[in-house]
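The structure appears right after this line, and notes come after that.
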Amino acid sequence: MTPTDQPCLIDPSATEHTDDACDKVKDPDVHATISAMLARVGDKWSLLVIRHLGEGAVRFNELRRRIGDISPKVLSSTLRSLERDGLVEREVVPTVPPQVSYELSELGNDLLVPVRALVAWTFEHTDRINEARAEFDARAERNERSA
């Protein structure tokens, strides 16, 4: 299925794409940007970084401590990617040694709205998600034993 064959990502129930926003989604460049952003926020670390930066500006090592099990290399790479996407701003304070802090940009703060909605949705449906996982795992185990 090509990007132009897909239902409108703005309004998936739309059967015809007469709306300008839905027509724009058909543009390969727009589609590529949407795919890249979904991949970015769906990776292992980006949402954690965004969540912690949503609390305000923070220096690199403090951010690393807050997140926990993340290497400096991975955190640095994640921050660079988020900065490139316009979600994070980096400020270097010219001291000796230089101090670098990170904070969400206006665009990054806008992203907090759906991120918080996703967290709320997950919280609300945690029991159902865990039940579905347990049922799946039980079926998979039964299938493995019968194979």
**OP:** Give segment 88-107 a look and list any residue that's over 21 Å from R65 (Cα atoms) and either among the polar types (S, T, N, Q) or touching a Leu at 6+ places or on another chain (Cβ under 9 Å) (or both), or say none.
**Re:** T95, S105, L107
Subject >> Boolean, A117 is exposed (fewer than 12 other Cβ atoms within 10 Å of the Cβ), under 14 Å from L47 (Cα atoms) and either modelled with pLDDT of 95 or more or aliphatic (A, V, I, L, M) (or both) >> reply: yes
Subject >> Residues satisfying the stated conditions in segment 53-89, i.e. out of contact with any Phe, Trp or Tyr (no Cβ under 8 Å at 6 or more places or on another chain), over 22 Å from M37 (Cα atoms) and among the charged types (D, E, K, R) >> reply: E62, R64, R65, R66, D69
**OP:** Mind listing whichever residues of segment 51-68 are out of contact with any helix residue (DSSP H, G or I) (no Cβ under 9 Å at 6 or more places or on another chain), closer than 20 Å to R116 by Cα and of a type outside the set (A, V, I, L, M, F, W, C)?
**Re:** G56
**OP:** Return yes when A138 is surrounded by fewer than 10 Cβ atoms within 10 Å (Cβ to Cβ) and without any contact (Cβ under 8 Å) to a residue 12 or more places away in the chain and no when it is not.
**Re:** no
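The values are calculated or read from the model by the stated rules, or taken from the named source; none is laboratory data. Just so it is clear, the structure is predicted and the values come from calculations on it, not from any experiment. Don't worry about glycine lacking a Cβ; one is built from the backbone with ideal geometry, like all the others, and counts go over all protein chains shown.
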